Amino acid sequence: MIRMLLRRLTSHLDGFLMGMLLLTMLVGLFVLYSASGMSLERTGAQLANILVALACLWAFANLPPQHLERVAVPLYVLGMLLLVGVALFGDVSHGAKRWLNLGVTRIQPSELMRIAVPLMLAWYFARREASLRLADYAIAAVLLALPVGLIVKQPDLGTSLLISASGCFVIFLAGLSWRLIFSAGISIAAVTPLLWSMMHDYQRRRIEILLNPYQDPLGAGYHTIQATIALGSGGIAGKGWLNGTQAQLDFLPERHTDFIFAVFGEEFGMLGCLLLLALFATIIGRGLYISANAQNTFCRLLAGSITLTFFTYAFVNMGMVSGILPVVGVPLPLVSYGGTSLVTLLVGFGILMSIQTHKRLVTS
């Protein structure tokens, strides 16, 4: 009886992918305990976040992909209305207007768009796959640019980057030609001076600090300098769990969120970083396998976007911690402290599992 119940509860979970996710989050809890100064309270809070996120994963894994396809347009429209509400009536905090007060609670609509945008674009291309034209890619670009533009205005560079990536991945996987991609790249390069003038002062400062963090070693460059010192001091095998001096002596800022990879690198060294990269690569590989074997265009595009967006999360975080990308406030997926990003990530993986386990039930 218990075995049958467990089988029913796990019938729509991908065992291999689930194992990799759980292992990575377990590693995250160990690193967080060290990064938070051995705080059981914060580690316990993250464990609670994981349980909530796993419940969301299970719910979406049991939701057939055709139901997601039906709600793609309403969810996108709802997200856009909420973003407009933020622009008009949002709460301002630390110079940014990202939250909408609904009376009983505050929400951050940009988080909803991390799922709504790839859903909408996958739905659109699935409807147009028989007669795709250049105009369809232009319309898709507009559907992507609308929410991204509203989020950039908040301003929230990290979230806008991730949503842009998720949408661009759908457009690319839908068959955008390399000629158009190269043309777009040249066009973006040509208007770079204009984009520079449109950036906020703090965004321009981040790029300047990327090029030379030592121009402001105690200010804007402090994060990058301390993170690279932590990574370098870990050496080959690291200093050992709980023995990282940069983290334990409080030199490393934001060490339990955006810069937790620096804590990991200092304590477990290059070998530990390679093992973590192997975990991420395995998760990404499984996601791409699910995408390649999806039952229809909608599922293929959605699964590919979710997987490649996870790659973007990891690449951008590790890049900014190691000093090859500007600091944009993107957490290390499945490892950094935080509930909202974790829930969003596991909802995406729940959708991946739904696509994999329901594919026999959906006609192609």
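The values are calculated or read from the model by the stated rules, or taken from the named source; none is laboratory data. The shown structure was predicted, so the numbers you read here are calculated from the model rather than taken from an experiment. Cβ sites come from the backbone with ideal geometry, for glycine too, and all protein chains shown count toward neighbours.
Summed over region 46-98, the residues that are within 24 Å of ASP156 (Cα to Cα) and assigned to a loop (DSSP other than H, G, I, E, B) give a count of 3. Of all the criteria given as (1) in contact with a strand residue (DSSP E or B) (Cβ under 9 Å, 6 or more places away or on another chain); (2) of a type in the set (A, V, I, L, M, F, W, C); (3) assigned to a helix (DSSP H, G or I), the one not satisfied by ALA135 is (1).
Listed by first and then second residue, the pairs with beta-carbon distance under 7 Å, at least 6 apart or on different chains, first residue in region 74-95 and within 26 Å of ALA122 (Cα to Cα), second basic (Lys, Arg) and in a strand (DSSP E or B), are VAL86/LYS97; VAL86/ARG98.
Quick one: in region 220-264, of everything that is small (Gly, Ala, Ser) and either under 16 Å from GLY329 (Cα atoms) or modelled with pLDDT of 95 or more (or both), which residue is surrounded by the most Cβ atoms within 10 Å (Cβ to Cβ)? Restricting to residues being small (Gly, Ala, Ser) and either under 16 Å from GLY329 (Cα atoms) or modelled with pLDDT of 95 or more (or both), the top hit is ALA262.
Once region 188-246 is narrowed to residues that are among the aromatic types (Phe, Trp, Tyr) and out of contact with any helix residue (DSSP H, G or I) (no Cβ under 6 Å at 6 or more places or on another chain), the residue that is farthest from ASP156 (Cα to Cα) is TYR214.
Of a type in the set (Ser, Thr, Tyr), more than 20 Å from ALA227 (Cα to Cα), in contact with a helix residue (DSSP H, G or I) (Cβ under 9 Å, 6 or more places away or on another chain) and surrounded by 19 or more Cβ atoms within 10 Å (Cβ to Cβ): is that true of SER336 in this structure? Taking the combined requirement at face value, the residue does not satisfy it. Within region 25-36, residues that are not assigned by TED's automatic domain parsing to the domain that holds ALA262 have Cβ atoms under 7 Å from residues that are modelled with pLDDT of 95 or more in no pair, counting only partners at least 6 apart in sequence or on another chain. Scanning for something touching an Asp or Glu at 6+ places or on another chain (Cβ under 6 Å), assigned to a loop (DSSP other than H, G, I, E, B) and not hydroxyl-bearing (Ser, Thr, Tyr), does region 204-216 turn up at least one residue? Within region 204-216 (the criterion being touching an Asp or Glu at 6+ places or on another chain (Cβ under 6 Å), assigned to a loop (DSSP other than H, G, I, E, B) and not hydroxyl-bearing (Ser, Thr, Tyr)), the answer is no, since none of the residues qualifies.
Residues of region 151-179 that are part of a helix (DSSP H, G or I), more than 24 Å from LEU325 (Cβ to Cβ) and hydrophobic (A, V, I, L, M, F, W, C): TRP178 alone.
Can you find a residue that is on the phi < 0 side of the Ramachandran plot and in contact with an Asp or Glu (Cβ under 8 Å, 6 or more places away or on another chain) anywhere in region 134-153? Checked against the condition, which is being on the phi < 0 side of the Ramachandran plot and in contact with an Asp or Glu (Cβ under 8 Å, 6 or more places away or on another chain), region 134-153 yields no hits at all. Taking the options ILE236, ILE225, name whichever one is in a loop (DSSP other than H, G, I, E, B) and either on the phi > 0 side of the Ramachandran plot or in contact (Cβ under 8 Å) with a residue 12 or more places away in the chain (or both). Among ILE236, ILE225, only ILE236 is in a loop (DSSP other than H, G, I, E, B) and either on the phi > 0 side of the Ramachandran plot or in contact (Cβ under 8 Å) with a residue 12 or more places away in the chain (or both). Does region 304-326 contain any residue that is part of a loop (DSSP other than H, G, I, E, B), small (Gly, Ala, Ser), more than 21 Å from THR24 (Cα to Cα) and assigned by TED's automatic domain parsing to the domain that holds GLY244? Yes, some residue in region 304-326 is part of a loop (DSSP other than H, G, I, E, B), small (Gly, Ala, Ser), more than 21 Å from THR24 (Cα to Cα) and assigned by TED's automatic domain parsing to the domain that holds GLY244.
Restricting attention to region 116-156, the residues that are out of contact with any Phe, Trp or Tyr (no Cβ under 9 Å at 6 or more places or on another chain) and among the β-branched types (Val, Ile, Thr) add up to 4. Candidates in region 1-44 are the residues that are of a type in the set (S, T, N, Q) and not in a helix (DSSP H, G or I); of these, the one that is surrounded by the most Cβ atoms within 10 Å (Cβ to Cβ) is SER36. Here ILE115 meets each of (1) over 21 Å from the mean Cα position of the chain (by Cα); (2) crowded, with 19+ Cβ neighbours inside 10 Å; (3) not polar (S, T, N, Q) with one exception, condition (1).
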